[in-house]
Amino acid sequence: VLQGYAAEMDNPLMAHLISPELQNKKDILFGNMEEIYHFHNRIFLRELENYVEYPELVGRCFLDQMEDFQIYEKYCQNKPRSESLWRQFSDSIFFQECQRKLDHKLSLDSYLLKPVQRITKYQLLLKEMLKYSKNCEGAEDLQEALTSILGILKAVNDSMHQIAITGYDGNLNELGKLLMQGSFNVWTDHKKGHSKVKDLARFKPMQRHLFLHEKAVLFCKKREENGEGYEKAPSYSYKHSLNMAAVGITENVKGDAKKFEIWYNAREEVYIIQAPTPEVKATWVNEIRKVLT
């Protein structure tokens, strides 16, 4: 891909096949694929080769390089831009010519998906290795490596949702790390404690997608898009946010193990939040508690 497509975009002999709108768009189309390639070629592959005789110790190798795996997050965040560009120019003569020269049966977009597939494959391989390494030296490292890779996958997944937020005026990066995101039923009570929350619970809930950052929780409305691939990915229109410094939490709401409350400014505003499962609720309550303490 890097030699047969990316480098060809700079090849003067191929320039006449590239439409003007596509020129200078190499970084958008390929993202940081070159960085990923060099990481594997120069660093990770060599490290792995040291463990050929001791595969059960390979967890170490992952742990030593874990920071470098963040490059996948960058790649995945760029993917929607890359796909949108590809859709505009997929029938370009330039790409057809590159594909013909490489004798590839599949077009470029199949290869641009590889890094996304690769990062999801590692966790399967590590799980499989753990299965056969229960009592060996190195099992703990494998487990830790698996946990770290799952953490990176979660960060990739969360950031894919976060870049789809629309209508937020500020800079999302100023809200600190994105800790959790997910869809919930939400009931609100804005009166200063006059009406009982239980009267409200009869009303139809709002569907909201919540993004929990270190400094704020954002409430967004999910909009499903029509289209293919990432175009079909939802976008989230921003509704409002609560500053975590003024938030309180009630962990249990009578009568429903999936509900908890977030309240604001000494219960001036109360949000009853219903998670899809008690487990999801527990995870969120734990994360919010961590932020608050």
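Readers should treat all values here as calculations from the given coordinates under stated rules, not as data from a laboratory. Since the model is a prediction, treat every value here as computed from it, not as a measurement. No Cβ is skipped: glycine too gets one built from the backbone with ideal geometry, and neighbour counts run over all protein chains shown.
Here are the numbers:
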read-out	value
5 angstrom amide H check on GLU269, placed H, neighbours 5+ away	TYR264
Under the Karplus curve 6.51 cos²θ - 1.76 cosθ + 1.60, θ = phi - 60°, whole-Hz ³J(HN,Hα) for the range 206-213, x wherever Gly or Pro sits	8, 8, 10, 9, 9, 10, 9, 9
In sequence order, calculated HN-Hα J values of the range 29-43 (Karplus, 6.51, -1.76, 1.60; Hz; x Gly/Pro)	5, 9, x, 9, 4, 5, 4, 5, 4, 5, 4, 5, 5, 8, 10
Nitroxide proxy distance, nm - points 7 Å out along Cα→Cβ at LYS134 and LYS290	3.0 nm
Estimated FRET transfer efficiency (ARG267, ARG223; beta-carbon r; R0 41 Å; 0.05)	0.85
Gyration tensor (alpha-carbon) shape descriptor, the chain, a/c threshold 1.5	oblate
Point-to-point label distance, ASN157-LYS25, nm (Cα→Cβ direction, 7 Å offset)	3.1 nm
Per-pair calculated FRET efficiency, R0 = 22 Å: HIS38 and MET14 via Cβ, rounded to 0.05	0.40
Residue-by-residue Karplus 3J(HN,Hα) for the range 238-245, coefficients 6.51, -1.76, 1.60, Hz, glycine and proline x	5, 9, 6, 9, 10, 6, 4, 5
Dipole magnitude (debye, nearest 20) for the chain, charges at Cβ of Lys, Arg, Asp, Glu	1560 debye
For ILE165, residues with placed amide H under 5 Å, excluding near neighbours	TYR236
Label-point gap, in nm, between MET206 and ARG118 - each point 7 angstrom along Cα→Cβ	4.2 nm
Mean Cβ neighbour count within 10 Å, used as a protection proxy, ranking 209-216, 266-273 highest first	209-216, 266-273
